[in-house]
Amino acid sequence: MRSTTSGLSHRRRGRLLRAVGAVAAAVAALLLVIAPASGAATPSPTPSPSATQFTNSISGFLRGDDRAPIPGVTITATNGDFTGTAKSGANGAWTIGVPTQGTYEVKLDESTLPQGIKLAEGQDNPRKVTFSQTSNLSVIFAFGKGIVVAEQNFGQNLLNRLVAGLSFGLLLALASVGLSLIFGTTGLTNFAHGEMVTLGAVLVFAFNGMHLPFWLAILLAVVGGGLFGYVQDAGLWKPLRRRGTGLVPMMIVSIGLALAVRYIIQFYFGGATQQLPFAQSAEILIGPVSISPNNLLSLLVSAIVIAALGVVLLKTRLGKATRAVADNPALAAASGIDVDFVIRIVWVVGGMLAALGGILWAYYRPGVTFDMGSQILLLIFASVTLGGLGTVWGALVGSIIVGIFVELTTVFGLAADLKYVGALFIMIVVLLFRPQGILGRRERVG
């Protein structure tokens, strides 16, 4: 009997190792396109001599109002006794390595601009910039007819921050809704969801490096995110569910998967911050609101996708089946619903939403890094928990609250490095009075 039990245990461990290996191989296969693409698309700016000596850097792309790159322009970054200088490369990219994170004065030498090109009216030069949440700080200069609002009164600033917070909240909701769907149908707290966010932005960068049309690169990246969700469930989570693995061990497996995928992405993509096309855009005025075209497009895309998802969940048979599985999987199975099929679809949809959220997050930051998903993961969890675990609409409401609160903190002078702390604080306050979250249901324990 002991030898039989031992044999079963070895076979189970073997199946688990094969499942983990299959998921890791799938991620590596998806990212094989990144190695050649990164080499083709990586900017080749003229760096300062210090750029290779420091782990922190300030970078950007110089593009005119016709989106053409502006090469040969000198940019200087200064902080105390340190001064770093770089020239923009043929594609308009530049990078200055800096010794420490902090506040720097960045100046563009206007005398080195090509004839006929000038900074947009109201563009500060020099300007002070501060590091936040990343080792690379992206600086955008607007040129030509772009509008830069130099000064705003408190009311205008508040209104602009509300709109920016709504844009951020909706892109956050794309990732949060996917995580909430997965939690609602499986009960799994997936710590690898941040890497699903990262994968979307990284795949766009890779496909764009293959000189595909940008809209096609985005479409393929979203499909790649869905494929990664499918492979995760088929290769790892479904076998674990069939074995009756508890939720806590599965959560620990998700942490290991997150670390593995994160550093697989770093291996292929590298540790530098890269920019997607059109990352640089001047503010535009819509009535009293000043907003960048990227943030406006992000707001519209997120709202349309979330509205479409809401229609699917409320009006279609698949949506009703998904809600039934989330409410009571055993009863749903007894009613003739294929629970495994529904969960598989949820993983695919969750992966696609996370990938799209990652693409929009790359423009909001701006920049693509191998760990960008892990930087936003805590806010995703905060949004899901604040709105109510396992509820799609709760994740949406929680994300909007978190997004708006994050942006409003800057109006009242909170340091940029602390603005995400405020969102977590409001989550704690709400949960003290409503432990189930804003739209969550009360659960009887015991």
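The values are calculated or read from the model by the stated rules, or taken from the named source; none is laboratory data. Since the structure is predicted, the reported quantities are computational estimates derived from the model, not experimental observations. Cβ: placed from backbone, ideal geometry, glycine included. Neighbour counts: every protein chain shown.
Say we look at segment 59-76 and pick out the residues that are of a type in the set (Gly, Ala, Ser) and more than 11 Å from Val139 (Cα to Cα); which of these is surrounded by the most Cβ atoms within 10 Å (Cβ to Cβ)?
Our first condition is that a residue be of a type in the set (Gly, Ala, Ser); within segment 59-76, this holds for 59-60, 64, 68, 72.
With more than 11 Å from Val139 (Cα to Cα) added as a condition, the list becomes 64, 68, 72.
On the way: Gly64: 20, Ala68: 13, Gly72: 14.
Here the answer is Gly64.
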What are the residue pairs meeting all of these: first residue in segment 246-270, first residue on the phi > 0 side of the Ramachandran plot, second residue surrounded by fewer than 20 Cβ atoms within 10 Å (Cβ to Cβ), Cβ atoms under 7 Å, and 6 or more apart or on different chains? Gly270/Ser38
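Taking Gly336 as the residue in question, decide whether it is in the same structural domain as Ala206 (by TED's automatic domain parsing), at positive phi and modelled with pLDDT under 90.
On the way: in the same structural domain as Ala206 (by TED's automatic domain parsing): yes; at positive phi: yes; modelled with pLDDT under 90: yes.
When the stated conditions are applied, Gly336 passes them.
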Criterion (buried (at least 20 other Cβ atoms within 10 Å of the Cβ) and more than 19 Å from the chain's Cα centre (by Cα)) met by exactly one of Val339, Val325: Val325
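State whether one or more residues within segment 286-294 are under 17 Å from the mean Cα position of the chain (by Cα), surrounded by 15 or more Cβ atoms within 10 Å (Cβ to Cβ) and in the same structural domain as Leu179 (by TED's automatic domain parsing). Walk me through how you get there before you give the answer.
Applying the first criterion (under 17 Å from the mean Cα position of the chain (by Cα)) to segment 286-294 yields 294.
With surrounded by 15 or more Cβ atoms within 10 Å (Cβ to Cβ) added as a condition, the list becomes 294.
In the following step, the residues that additionally are in the same structural domain as Leu179 (by TED's automatic domain parsing) were identified as 294.
Yes - at least one qualifying residue is present in segment 286-294.
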Considering segment 347-378, residues that are over 11 Å from the mean Cα position of the chain (by Cα) and surrounded by fewer than 24 Cβ atoms within 10 Å (Cβ to Cβ), and then whichever is farthest from Gly169 (Cα to Cα), we arrive at Val348
Please go through segment 334-351 and give me each residue that is among the β-branched types (Val, Ile, Thr) and not in a helix (DSSP H, G or I), ordered by number. Ile337
State which residue pairs qualify: first residue without any contact (Cβ under 8 Å) to a residue 40 or more places away in the chain and in the same structural domain as Ala332 (by TED's automatic domain parsing) and inside segment 302-320, second residue among the acidic types (Asp, Glu) and assigned to a helix (DSSP H, G or I) in any location, beta carbons under 8 Å apart, and separation of 6 or more residues or different chains. none
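Search segment 207-226 for residues being among the aliphatic types (A, V, I, L, M) and at pLDDT below 90, and hand back the single one that is farthest from Phe370 (Cα to Cα). Before the answer, list the steps.
Of segment 207-226, the ones among the aliphatic types (A, V, I, L, M) are 210, 212, 216-223.
Narrowing further to those that are at pLDDT below 90: 210, 212.
On the way: Met210: 19, Leu212: 22 Å.
Per the stated criteria, the residue is Leu212.
Per-residue answers, yes or no, for (1) among the β-branched types (Val, Ile, Thr); (2) in a helix (DSSP H, G or I); (3) out of contact with any helix residue (DSSP H, G or I) (no Cβ under 8 Å at 6 or more places or on another chain):
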position	(1), (2), (3)
Val261	yes, yes, no
Ile264	yes, yes, no
Tyr268	no, yes, no
Pro277	no, no, no
Ile284	yes, no, no
Ser302	no, yes, no
Ala307	no, yes, yes
If we scan segment 190-200, do we find a residue that is under 30 Å from Gln436 (Cβ atoms), buried (at least 22 other Cβ atoms within 10 Å of the Cβ) and in contact with a Lys or Arg (Cβ under 7 Å, 6 or more places away or on another chain)? yes
From (1) more than 16 Å from Phe370 (Cα to Cα); (2) at pLDDT 90 or above, pick out the condition that doesn't hold for Pro293. (2)
